[in-house]
Structures are given as C-alpha cells and as structure tokens.
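The values are calculated or read from the model by the stated rules, or taken from the named source; none is laboratory data. Not measured: the values here are computed from a predicted model. Reconstructed Cβ throughout: ideal geometry from the backbone, glycine too, with neighbour counts over all protein chains shown. These area figures cover heavy atoms from the full protein model, side chains too; ligands, DNA and RNA do not enter into them. Shrake-Rupley method; radii C 1.70, N 1.55, O 1.52, S 1.80 Å.
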Amino acid sequence: MLLNISKNAVIADRVIIADTFHKRLLGLMGKRELAKGYCLLLKPCNAIHTCFMRFPIDVLFLDKTGGVKYTIAGLKSFKRSPVVKEAYCVAELPAGSIEATGTEPGDLCVLKYD
C-alpha cells in the first residue's frame, strides 16, 4: 500500500515493485490499463517514458525518504518525463490519482506492507 501520510490518504492499495532492469524496462508497456488502486513503483528510477503505452498515467517522483519531489498528472502516451535528479523511485498511477489524493511536492509517502 502506498500512503501519503502528509494528507492522510491512500494513494494505492496495491503496489507492484519493478526493481530489476527487465521489470523497469517493460513497465506498463502493452498493458490495456492500470486499474484504480494500483501502482507500479520503479526503483531505482528518476525519469520515465510512456512509449507503447495505451493510456495516460499520473506520476510521482519520490526521494529515498518517500518525499514527493515532482508530480505529473495525466502523462499521455509517447511522452517523456524530465530527469528528476533528487528522485530515487517513480510511482506510476492511474490518471486522476494525484488530484484524488491531493498529493503534491513536499508531501511524504510511505510503503506499508500488510
């Protein structure tokens, strides 16, 4: 579970961790959707692309402590993010997740394992 403790909000109920080169390379490519409540967490990572993706996503760039450094709402297919030097990992979320949770730079996020 990915929580925004600054806003007391659940960003994602289910987190899929992509922590190998192969998992990060494939990411969400070829998927039809990213269901509400899901998150793909790429680590380590400080920039992404949406080539060959079929849907827009929201993106959170987090530092090693879970601090939100940068956000992108509704990143469309075949786009690239900037390189966020302070980021350690990237959370890819269904479009609308950032607005729904009020997440913004400066917030603190944590992974909670059940």
Every residue in region 1-28 that is within 12 Å of E92 (Cα to Cα) and assigned to a loop (DSSP other than H, G, I, E, B), please.
G27, L28
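Going through R54, R32 one at a time, which residue ends up being basic (K, R), in contact with a Ser or Thr (Cβ under 8 Å, 6 or more places away or on another chain) and surrounded by fewer than 17 Cβ atoms within 10 Å (Cβ to Cβ)? Outline the logic, then answer.
Values: R32 fails: in contact with a Ser or Thr (Cβ under 8 Å, 6 or more places away or on another chain).
After applying the criteria, what remains is R54.
Do you know which residues across region 57-70 are farther than 18 Å from L28 by Cα and either part of a strand (DSSP E or B) or touching a Ser or Thr at 6+ places or on another chain (Cβ under 7 Å) (or both)?
First, the residues of region 57-70 that are farther than 18 Å from L28 by Cα: 62-70.
Those that are farther than 18 Å from L28 by Cα and either part of a strand (DSSP E or B) or touching a Ser or Thr at 6+ places or on another chain (Cβ under 7 Å) (or both): L62, G67, V68, K69, Y70.
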Could you list, in sequence order, the residues of region 77-103 that are open to solvent by less than 90 Å² (accessible area, probe 1.4 Å) and part of a loop (DSSP other than H, G, I, E, B)?
S77, S81, P82, V84, A87, Y88, A95, G96, G102, T103
